[in-house]
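To keep things clear, I will list the structure first and then write my remarks on it.
The values are calculated or read from the model by the stated rules, or taken from the named source; none is laboratory data. Since this is a predicted model, take the numbers as computed values, not measurements. Cβ atoms come from the backbone with ideal geometry, glycine included; neighbour counts cover every protein chain shown. Note: accessible area is taken over every heavy atom of the protein model, side chains too, but ligands, DNA and RNA are not part of it. Shrake-Rupley method; radii C 1.70, N 1.55, O 1.52, S 1.80 Å.
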Amino acid sequence: LGERGLTLPAQRFAADPAAAAAAAEAIGFPVALKIVSDDISHKTEAGGVRLGLADRDAVLREAQDLQKSLAGSRLKGFLVQEMVDGLEMLVGVREDADFGPLVVVGLGGVFVELFRDVSLRLAPVDEHEVRGMLSELRGAKALDGFRGQAPRDRDALVKAIIGVCNFFLENRAWLAEIEVNPLIVLAEGKGVGAVDVRPIRRD
């Protein structure tokens with residue numbers, strides 16, 4: 001995905017809280033801390049994400065707390081990521097039983113469930129279609145800058161959406177769905193950051 005326009009944040013896997021604290025120091029603060037578990041797909045809903053941790057002690061404390069609160073899950077360890085600040089978008093492609101591959105784009109993070117502000121197309125999509133999808137969103141003005149914020153890198157977002165779609169189409173033999181949420185859209189010219197990628201294999 002990184003080769004298709006979806007830049008990943010600096011990140012490291014850590015097997016335990018002490019390793020997570022060390023990884024955070026290597027990456028630089030602030031960081032996000034996320035659980036890694038085969039039992040939990042939606043990490044945020046399970047309380048498995050801690051954001052904006054500003055120092056080593058905070059990472060160690062939060063990782064230990066996650067270990068205790070999720071003791072019943074198969075916790076493999078933690079993903080430590082640099083914090084990426086920007087507009088949160090959702091990009092996903094899934095196999096629909098009736099229509100085939102569907103591309104969905106919308107405001108990301110918790111807003112996709114709160115506002116249901118999404119646009120759909122049949123895959124594949126080209127640049128013209130993707131720009132049309134973005135213009136359909138009620139929150140589209142956020143990409144142009146809102147309340148003093150800088151305009152977002154719409155060109156990089158378009159490239160990333162096409163990249164996710166093509167990746168899915170090329171891997172349909174084993175991939176049933178892929179979702180990037182959030183995809184952080186940085187200021188104009190700065191690109192995007194794929195903060196959370198969730199692939200689902202076919203049964």
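If I filter the stretch 152-181 down to residues being under 14 Å from Val197 (Cβ atoms) and part of a strand (DSSP E or B), which single residue comes out as modelled with the lowest pLDDT?
Among those that are under 14 Å from Val197 (Cβ atoms) and part of a strand (DSSP E or B), it is Asn181.
Could you please find all residues in the stretch 66-81 being in contact with a strand residue (DSSP E or B) (Cβ under 8 Å, 6 or more places away or on another chain), open to solvent by 40 Å² or more (accessible area, probe 1.4 Å) and part of a helix (DSSP H, G or I)?
Within the stretch 66-81, Gln67 is the sole residue that qualifies.
Would you confirm, using the coordinates I've provided, whether Val84 is at pLDDT below 95 and not in a strand (DSSP E or B)? It would help to see each step written out before you state the result.
On the way: at pLDDT below 95: yes; not in a strand (DSSP E or B): yes.
Spelling it out, Val84 is indeed at pLDDT below 95 and not in a strand (DSSP E or B).
Determine whether Gly47 is modelled with pLDDT of 95 or more, outside any helix (DSSP H, G or I) and over 20 Å from Ala18 (Cβ atoms). If you could, list the steps in order and put the result at the bottom.
Numbers: modelled with pLDDT of 95 or more: no; outside any helix (DSSP H, G or I): yes; over 20 Å from Ala18 (Cβ atoms): yes.
Spelling it out, it is not the case that Gly47 is modelled with pLDDT of 95 or more, outside any helix (DSSP H, G or I) and over 20 Å from Ala18 (Cβ atoms).
Run down Glu95, Glu129 and say which single residue is over 30 Å from Ala24 (Cα atoms) and not in a strand (DSSP E or B).
Criteria check complete, one pass: Glu129.
Going residue by residue through the stretch 186-199, is there one that turns out to be without any contact (Cβ under 8 Å) to a residue 40 or more places away in the chain, out of contact with any helix residue (DSSP H, G or I) (no Cβ under 7 Å at 6 or more places or on another chain) and either of a type in the set (Asp, Glu) or surrounded by 20 or more Cβ atoms within 10 Å (Cβ to Cβ) (or both)?
Yes, the stretch 186-199 contains at least one residue that is without any contact (Cβ under 8 Å) to a residue 40 or more places away in the chain, out of contact with any helix residue (DSSP H, G or I) (no Cβ under 7 Å at 6 or more places or on another chain) and either of a type in the set (Asp, Glu) or surrounded by 20 or more Cβ atoms within 10 Å (Cβ to Cβ) (or both).
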